[in-house]
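See structure below.
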Amino acid sequence: MRQARAVLKIETPGRGLVEITPQIERWFEATGIRNGLLTVFIRHTSASLLIQENADPEVQRDLERFFARLVRDGDPLFEHRSEGTDDMPAHVRSALTQTQISVPLADGALVLGTWQGIYVYEHRLRAHRREVVLHLIGE
Amino acid sequence: MRQARAVLKIETPGRGLVEITPQIERWFEATGIRNGLLTVFIRHTSASLLIQENADPEVQRDLERFFARLVRDGDPLFEHRSEGTDDMPAHVRSALTQTQISVPLADGALVLGTWQGIYVYEHRLRAHRREVVLHLIGE
Amino acid sequence: MRQARAVLKIETPGRGLVEITPQIERWFEATGIRNGLLTVFIRHTSASLLIQENADPEVQRDLERFFARLVRDGDPLFEHRSEGTDDMPAHVRSALTQTQISVPLADGALVLGTWQGIYVYEHRLRAHRREVVLHLIGE
């Protein structure tokens, strides 16, 4: 049994979903570990992680429309506005989604369903560079 | 230190919560691992996982009523309707709950609180067959 | 490779966020494990876990205001009221946040971002004593 760890730097083009499944796969294939538990952790509170459908881009647009209506930019409810009207909504959206996701690894492949992809969900309007930590334990 | 893995097939009767704690317990007892970390992962984006109270069935009905009001079937906000008016709401409900949950295992028992149960939350209206991957690492 | 486990007892002063990062750090430092995966699990369904910004207390107050508006105490939608008007909202808030969070440990430190802290989110109005299980696997 052994473990491996790495940091992915993800450039987001502003609000929306960025799939990172391919980068994760390239990394764990290089570790040589074929069975275990892979953990993805994002080091931010205004961007988050999500497993969603990667087949139909409409799903991702609808998801974003839902969050934009649920947590409105510039909502007068929010007093924390010093970093912009999209900053506090970004923290709320992160609280409602995930900061960490673990996925079992079986015979050299993640056990994701046919339509599942792992995404960074950027909640700020502007482009950001995000750090995602990968951890794998197994053999 | 060693690991084990299995896939549960869960028949859901349509929208609502299905407790899977007993199946999980039967499985890890058979592995012989008594201390470690158990991970539950659902291979779908229109059904999810949840740890909730298993004492009062009213809690589960209220939870479902809350989600039904928050994410309305047929909401005109959603453009993705090709798979039915409950499909996009199912993706949003999944994003708001969990795709993966890990629970420590201590001396042969999950460390769940007295009233906690592990559930598959079916978000589609019709019955489905869902796949849940179990992974356990420990000794 | 080895593992360690402990239970933290957290006294909450009623609804709101209580940071537990310092207690978690003190515990894993004593285990001597420097690289691995730390899992935090809360044994309740009316309090939850959250990773949020620990810099500006305004963020936490805004977060609480958002949840208080989204899931109203005493909402007539809820039939489960035997334990108080804040009980069912507490279950819903828990479903929308986390019961478990795992964080990789690298060279003796959690890989949390600069502004990230780990919190117990008490959803009941009154003070409670909450149990949080810590599990660490690594070397």
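Suppose the filter is touching a Pro at 6+ places or on another chain (Cβ under 8 Å), buried (at least 22 other Cβ atoms within 10 Å of the Cβ) and of a type outside the set (K, R); does A:L38 pass it?
yes
Just one of B:V18, B:V7, B:V59, B:V40 is farther than 25 Å from A:L50 by Cα and of a type in the set (A, V, I, L, M, F, W, C); which is it?
B:V59
Would you please name the residue that is nearest to the other protein chains (Cβ to nearest Cβ), looking only at residues in region B:42-62 that are hydrophobic (A, V, I, L, M, F, W, C) and in contact with an Asp or Glu (Cβ under 9 Å, 6 or more places away or on another chain)?
That would be B:V59.
Of the residues in region C:85-109, how many are more than 13 Å from the chain's Cα centre (by Cα), more than 22 Å from B:L105 (Cβ to Cβ) and either within 14 Å of chain A (Cβ to nearest Cβ) or basic (K, R) (or both)?
5
Let me spell it out: the conditions are (1) among the aliphatic types (A, V, I, L, M); (2) farther than 21 Å from B:A127 by Cα; (3) more than 11 Å from every other protein chain (Cβ to nearest Cβ); (4) in contact with an Asp or Glu (Cβ under 7 Å, 6 or more places away or on another chain), and B:V18 meets all of them except one. Which number is the exception?
Of the numbered conditions (1) among the aliphatic types (A, V, I, L, M); (2) farther than 21 Å from B:A127 by Cα; (3) more than 11 Å from every other protein chain (Cβ to nearest Cβ); (4) in contact with an Asp or Glu (Cβ under 7 Å, 6 or more places away or on another chain), the odd one out for B:V18 is (2).
Do we find a residue being touching a Ser or Thr at 6+ places or on another chain (Cβ under 8 Å), assigned to a strand (DSSP E or B), under 23 Å from B:S46 (Cβ atoms) and modelled with pLDDT of 95 or more anywhere in region A:78-97?
no
Restricting the search to region C:8-31, which residues are surrounded by 14 or more Cβ atoms within 10 Å (Cβ to Cβ) and assigned to a strand (DSSP E or B)?
Selection gives C:L8, C:I10, C:T12, C:G16, C:L17, C:V18, C:E19.
Does B:R124 satisfy being touching a helix residue (DSSP H, G or I) at 6+ places or on another chain (Cβ under 6 Å) and within 30 Å of C:T39 (Cα to Cα)?
The answer is no for B:R124.
In region B:41-55, which residues are surrounded by 17 or more Cβ atoms within 10 Å (Cβ to Cβ), more than 30 Å from C:E139 (Cβ to Cβ) and not β-branched (V, I, T)? Walk me through it before giving the result.
Our first condition is that a residue be surrounded by 17 or more Cβ atoms within 10 Å (Cβ to Cβ); within region B:41-55, this holds for B:41-54.
Cutting the leftovers down to more than 30 Å from C:E139 (Cβ to Cβ) gives us B:42-48, B:50, B:52-54.
Those that are surrounded by 17 or more Cβ atoms within 10 Å (Cβ to Cβ), more than 30 Å from C:E139 (Cβ to Cβ) and not β-branched (V, I, T): B:R43, B:H44, B:S46, B:A47, B:S48, B:L50, B:Q52, B:E53, B:N54.
Which of the following residues is in contact with a Ser or Thr (Cβ under 9 Å, 6 or more places away or on another chain), of a type outside the set (S, T, N, Q) and either at pLDDT below 95 or farther than 19 Å from B:T97 by Cβ (or both): C:L110, C:L105?
Details: C:L105 fails: in contact with a Ser or Thr (Cβ under 9 Å, 6 or more places away or on another chain).
Within the list C:L110, C:L105, the selection yields C:L110.
Need pairs with beta-carbon distance below 8 Å; first residue more than 13 Å from chain B (Cβ to nearest Cβ) and assigned to a strand (DSSP E or B) and within region A:110-126, second charged (D, E, K, R) and crowded, with 21+ Cβ neighbours inside 10 Å; sequence gap 6+ or separate chains.
Listed by first residue and then by second, the contacts come to A:V120/A:R130; A:E122/A:R15; A:E122/A:R130.
Is it the case that B:R69 is among the charged types (D, E, K, R) and over 30 Å from C:T85 (Cβ atoms)?
Numbers: among the charged types (D, E, K, R): yes; over 30 Å from C:T85 (Cβ atoms): no.
Here the answer is no, as B:R69 does not meet what is asked.
Which of (1) more than 17 Å from the chain's Cα centre (by Cα); (2) within 12 Å of chain A (Cβ to nearest Cβ) is the odd one out, the single condition B:T31 does not satisfy?
Of everything listed in (1) more than 17 Å from the chain's Cα centre (by Cα); (2) within 12 Å of chain A (Cβ to nearest Cβ), B:T31 misses just condition (2).
Does any residue of region C:64-84 turn out to be closer than 24 Å to B:G113 by Cα, buried (at least 23 other Cβ atoms within 10 Å of the Cβ), within 14 Å of chain A (Cβ to nearest Cβ) and out of contact with any Cys (no Cβ under 8 Å at 6 or more places or on another chain)?
No - not one qualifying residue is present in region C:64-84.
The values are calculated or read from the model by the stated rules, or taken from the named source; none is laboratory data. As the structure is a prediction and not an experimental result, all values here were calculated from the model. Note: ideal-geometry Cβ built from the backbone for every residue, glycine included; neighbour counts use all protein chains shown.
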